[in-house]
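Input: a single structure, listed below in structure tokens.
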């Protein structure tokens, strides 16, 4: 079964997970030096459950249940307030030093023992777990970032709930600047992104990777697929004749050895390149870098 990622959380084929991160009322006294600003608290904002998420003060102990959320929290300068992450949270490197609270199977006892005043997760992958944590009395924020715009909204939301609005605005501007700086390729190369080879799974509309490929100047050969993670027949790939093939694992030799693919342009010209699956699957602060890297590879 292929591994996919949603929000940077790894899962298997018939899943979902996938395949891939509030404000407080001032008391009238100045905050202590080094303490987070409480301007704007308490707050109530809608979450992915469609309910108001309320928080009385900036959280001081945060548990992140998705690699993408973890990356955002670190990028906002909240390293000292992160007290728990998942086994998949490997970026930045400091994330690997944080206490681990599980993977697909969360350790609820460990999460509670960390005494978080904020837990952030992804609704589509972790709904039952998030509801259980709420019943255990924890403050749980469910996010559901979709694509680049959704990622920017998630960054804004996490900035608000942690008292890091200014940092979130700066991070969004940085990402938008990186995206704006990507030059579009002419003509657009036809691209196949391989998630798994046997059977062949790729990305289609509705996936973050599809949007990144398009923003980087490529034409996804599965752009007409009816789901985000389509399975393609070899005949379709041969007919589409991609100009380059991107792989997310050590698959180049196997592709070159496929007799039926030998006349595909990308195979004939050996334009088969590896891309970091974490970089292109996490709706987090590295999206601008991901698009620039894809554009660089496509222009080879």
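The values are calculated or read from the model by the stated rules, or taken from the named source; none is laboratory data. As the structure is a prediction and not an experimental result, all values here were calculated from the model. Heads up, the Cβs are rebuilt from the backbone with ideal geometry, glycines too, and the neighbour counts pull from every protein chain shown.
One table, with the values for the structure above:
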item	result
Residue check for residue 34: modelled with pLDDT of 95 or more, assigned to a loop (DSSP other than H, G, I, E, B) and surrounded by fewer than 21 Cβ atoms within 10 Å (Cβ to Cβ)	no
Unmet requirement for residue 155, which otherwise passes all of (1) part of a helix (DSSP H, G or I); (2) modelled with pLDDT of 95 or more; (3) within 25 Å of residue 279 (Cα to Cα); (4) touching a strand residue (DSSP E or B) at 6+ places or on another chain (Cβ under 9 Å)	(4)
Residue 126 being in a helix (DSSP H, G or I) and buried (at least 17 other Cβ atoms within 10 Å of the Cβ)	yes
Any hit, the stretch 81-96, residues being at pLDDT 95 or above, farther than 20 Å from residue 171 by Cβ, part of a helix (DSSP H, G or I) and out of contact with any strand residue (DSSP E or B) (no Cβ under 7 Å at 6 or more places or on another chain)	yes
Of the criteria (1) farther than 16 Å from residue 196 by Cα; (2) assigned to a loop (DSSP other than H, G, I, E, B), which one residue 250 fails	(1)
Candidates 101, 203, 140, 119, filtered to the one that is surrounded by 21 or more Cβ atoms within 10 Å (Cβ to Cβ) and closer than 30 Å to residue 236 by Cα	203
Within the stretch 99-108, considering residues that are in a loop (DSSP other than H, G, I, E, B) and touching a helix residue (DSSP H, G or I) at 6+ places or on another chain (Cβ under 8 Å), the one farthest from residue 66 (Cα to Cα)	99
Looking only at the stretch 209-235, and only at residues there that are in contact with a helix residue (DSSP H, G or I) (Cβ under 6 Å, 6 or more places away or on another chain) and not in a loop (DSSP other than H, G, I, E, B), the one that is surrounded by the fewest Cβ atoms within 10 Å (Cβ to Cβ)	234
Output for the stretch 241-250, where each listed residue is modelled with pLDDT of 95 or more and surrounded by fewer than 19 Cβ atoms within 10 Å (Cβ to Cβ)	241
Only one of 238, 280 that is farther than 30 Å from residue 77 by Cα, in a helix (DSSP H, G or I), in contact with a helix residue (DSSP H, G or I) (Cβ under 9 Å, 6 or more places away or on another chain) and modelled with pLDDT of 95 or more	238
Verdict on residue 44 being more than 22 Å from residue 111 (Cα to Cα) and at pLDDT 50 or above	yes
